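Student: Questions regarding the structure given below will be posed in turn.
The values are calculated or read from the model by the stated rules, or taken from the named source; none is laboratory data. Computed from a predicted structure; not experimentally measured. Counting neighbours? That spans all protein chains shown, and the Cβs are built from the backbone with ideal geometry, glycine included. Just the protein is used for accessible areas: all its heavy atoms, side chains included, with ligands, DNA and RNA removed. Shrake-Rupley method; radii C 1.70, N 1.55, O 1.52, S 1.80 Å.
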Amino acid sequence: MSSPVLFTPMQIGNLKLSNRIVIAPMAQYSSENGQMNDWHLMHLGQLANSGAAALTIEGAAVSPDGRTSYADVGLYSDETEASIARVLHGVRRWSDIPIGIQLNHAGRKGSRQKLWDGGAQIPPSQPNGWKTYAPSPIAFTVTDIPPVALDRDDLAAVRNAFADAARRASRLGLDFIQILGGHGYLVHQFLSPLSNRRDDEYGGSLENRMRFPLEVFEAVRDAFAHDRPVSVRVSATDWVEGSWSIEETIAFVKALETRGCAAINVSSGGLSPSQQIPIGPGYQLPLARAVKQVTSLPVVTVGLITEFEQAESILRSGDADLVALARAILYDPRWPWHAAAHFGTQIRAPKQYVRSQPSGLRNLFV
C-alpha cells in the first residue's frame, strides 16, 4: 500500500505534529488537593515516549468546585500550577512531544467519589463533598442533590476562572488547550436542553444555549498565548431523543470556527443516564464525519479506536484528520510503535530504547 496517512505530519495553527495519533486526556483520580504528584509524572512520562504526535493532560478543573471528584487535577491556584510545572519539567527533560491540557468545570457532575469507588455524588455535608452548580437546578441522577442555578455573578466567576486557568497554562508553556465542551460537564450542560431550562438570554433557543459556552471559549482564547491553539471537545449528541443533536453541534462548531477555534474533537454522550449509546468499534465516527463535512477545522475522532488498520481507514477515507487514543494506549503505551511496525514505516523513539527493536525491524526507529 502507499505510505500510511497515520504517519504523515500535519499542522494545527502553529503547532506541528509529526503524525496523526494524539493521546486523549484521561482522568487518573490521583491528585491531592488538586495537585499532581509522582503518579502523574510516571503516567505522563511513559506516554510522552509513546511516539504519538501530542499528549493531552487530563481535564484540569478551573476551580475547586469545578472538579468532578476530590482527586481531580486542578489549575486554579499557585499550588496546583506549581505541581503541574514540576511534572512538566520531569517529562520535558526526556521528551519533546507537544503537551497540552484540557480545561473543565464539572458543574452538576461534580463532588463525586473516585471512579473505582463507584462515582456516586458526595453530599456537601460530607468530607470531600461540596455544593454543585449548573445552568438550572436539575440533578444529573435521581439520587443526586440538585445543583444551584448559576446567577450572573456566578457566570462571570466561571468565565474568569477559565481565563485564569488559561493564563496559568500559558505561563507553564503548554503547547495547546482543549476546552471540554462535552461529556455532560458544565459547558455541555448549557448546550443541552435537557440540562438547560433557563428563561434568560442563556437558555431557550439554540443561540441562547450556545451563548455561555462561546463566552467561555472567547475568555480562554483571549487569555492563552495567541500563537498557540485552543481546541474544543464536543459531545455531538446526547443519545437521547429530543436533546442536543448533531445538527446543533454543527451550528456550534461553525460559531467556534469564526471565533478562532483551532480544532474540534468529536465525542458524544455523558449528559443523561438515559442515553442509549450504540457502543461498538468506531461508533462515534459518523458524528466526526458529519462535522468534517461542514468545517475547514481539523477534526479529531475518538472512541474505541484500537486497531491499526481501523485508524488508517478512518484517515484515508477523510472522515477525520486525527485519531485520539485513550484506553487503547493505556493498555498498550507503545501503540504508535506497533502501528509503525505494522505499516512498515519509521517512528521516533528515545535513544535509550532503540536497542529494543526486534531483529526483523532494524529500521523502525529514527
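Student: Of the conditions (1) open to solvent by less than 20 Å² (accessible area, probe 1.4 Å); (2) over 19 Å from the mean Cα position of the chain (by Cα), Pro229 satisfies every one except a single condition; which number is it?
Tutor: Pro229 satisfies all of (1) open to solvent by less than 20 Å² (accessible area, probe 1.4 Å); (2) over 19 Å from the mean Cα position of the chain (by Cα) except (2).
Student: Would you be able to tell me the number of residues in the range 150-191 that are at positive phi and more than 16 Å from the chain's Cα centre (by Cα)?
Tutor: Residues of the range 150-191 that are at positive phi, as a first pass: 173, 183-184.
When the remaining residues are screened for being more than 16 Å from the chain's Cα centre (by Cα), the result is 173.
Summing the residues that are at positive phi and more than 16 Å from the chain's Cα centre (by Cα) in the range 150-191 gives 1.
Student: Inside the range 1-35, can you point out the residues that are open to solvent by less than 40 Å² (accessible area, probe 1.4 Å), among the aliphatic types (A, V, I, L, M) and within 18 Å of Ile177 (Cα to Cα)?
Tutor: Passing the criteria: Met10, Ile12, Leu15, Leu17, Ile21, Val22, Ile23, Ala24, Met26.
Student: For the structure I just gave you, tell me whether Val300 is open to solvent by 10 Å² or more (accessible area, probe 1.4 Å), in contact with a strand residue (DSSP E or B) (Cβ under 7 Å, 6 or more places away or on another chain) and under 19 Å from Gln11 (Cα atoms).
Tutor: On the way: open to solvent by 10 Å² or more (accessible area, probe 1.4 Å): yes; in contact with a strand residue (DSSP E or B) (Cβ under 7 Å, 6 or more places away or on another chain): yes; under 19 Å from Gln11 (Cα atoms): yes.
Here the answer is yes, as Val300 does meet what is asked.
Student: For the range 140-160, check the following and say yes or no: at least one residue is of a type in the set (A, V, I, L, M) and within 29 Å of Pro298 (Cβ to Cβ). Give the derivation first.
Tutor: Within the range 140-160, the first condition is being of a type in the set (A, V, I, L, M), and the residues that meet it are 142, 145, 148-150, 155-158.
Next, only the ones that are within 29 Å of Pro298 (Cβ to Cβ) stay: 158.
Yes, the conditions are met somewhere in the range 140-160.
Student: Here are Glu307, Glu248, Glu257: which of them is open to solvent by 20 Å² or more (accessible area, probe 1.4 Å) and either in contact with an Asp or Glu (Cβ under 7 Å, 6 or more places away or on another chain) or more than 18 Å from Phe212 (Cα to Cα) (or both)?
Tutor: Values: Glu248 fails: either in contact with an Asp or Glu (Cβ under 7 Å, 6 or more places away or on another chain) or more than 18 Å from Phe212 (Cα to Cα) (or both); Glu257 fails: either in contact with an Asp or Glu (Cβ under 7 Å, 6 or more places away or on another chain) or more than 18 Å from Phe212 (Cα to Cα) (or both).
None of the other options fit; the residue is Glu307.
Student: Right, next: Are any residues in the range 260-284 under 19 Å from the mean Cα position of the chain (by Cα) and open to solvent by 30 Å² or more (accessible area, probe 1.4 Å), and if so, which ones?
Tutor: Gly260, Tyr283 - these are the residues of the range 260-284 that are under 19 Å from the mean Cα position of the chain (by Cα) and open to solvent by 30 Å² or more (accessible area, probe 1.4 Å).
Student: Do the conditions hold for Arg289, that is, is it open to solvent by 50 Å² or more (accessible area, probe 1.4 Å) and in contact with a strand residue (DSSP E or B) (Cβ under 9 Å, 6 or more places away or on another chain)? So that I can check it myself, show each step before the final result.
Tutor: Values: open to solvent by 50 Å² or more (accessible area, probe 1.4 Å): yes; in contact with a strand residue (DSSP E or B) (Cβ under 9 Å, 6 or more places away or on another chain): yes.
Considered against the rule, which asks whether it is open to solvent by 50 Å² or more (accessible area, probe 1.4 Å) and in contact with a strand residue (DSSP E or B) (Cβ under 9 Å, 6 or more places away or on another chain), Arg289 comes out as yes.
Student: Could you count how many residues in the range 125-157 are under 16 Å from Ser69 (Cα atoms), outside any strand (DSSP E or B) and open to solvent by 50 Å² or more (accessible area, probe 1.4 Å)?
Tutor: Number of matching residues: 6.
Student: Can you name the residue in the range 315-357 that is without any contact (Cβ under 8 Å) to a residue 12 or more places away in the chain, over 30 Å from Val232 (Cα atoms) and open to solvent by 30 Å² or more (accessible area, probe 1.4 Å) and is also farthest from the chain's Cα centre (by Cα) among such residues?
Tutor: Arg355
Student: Suppose we keep only residues that are polar (S, T, N, Q) and in a loop (DSSP other than H, G, I, E, B) within the range 85-124. Which one would you say is most open to solvent (accessible area, probe 1.4 Å)?
Tutor: Gln113
Student: With respect to the numbered conditions (1) closer than 17 Å to Val148 by Cα; (2) open to solvent by 10 Å² or more (accessible area, probe 1.4 Å); (3) in contact with a strand residue (DSSP E or B) (Cβ under 6 Å, 6 or more places away or on another chain), which one is the sole condition not fulfilled by Arg221?
Tutor: It fails just one condition, (1).
Student: Quick check on my filter: what residues within the range 12-35 are under 19 Å from the mean Cα position of the chain (by Cα), in a loop (DSSP other than H, G, I, E, B) and within 24 Å of Val366 (Cβ to Cβ)?
Tutor: Asn19, Arg20
Student: In the range 55-84, which residue that is of a type in the set (A, V, I, L, M) and buried (at least 21 other Cβ atoms within 10 Å of the Cβ) is nearest to Gly118 (Cα to Cα)?
Tutor: First, the residues of the range 55-84 that are of a type in the set (A, V, I, L, M): 55, 57, 60-62, 71, 73, 75, 82, 84.
Now drop any that are not buried (at least 21 other Cβ atoms within 10 Å of the Cβ), which leaves 55, 57, 60-62, 73, 75, 84.
Values: Leu55: 28, Ile57: 23, Ala60: 21, Ala61: 20, Val62: 24, Val73: 19, Leu75: 25, Ile84: 27 Å.
The qualifying residue nearest to Gly118 (Cα to Cα) is Val73.
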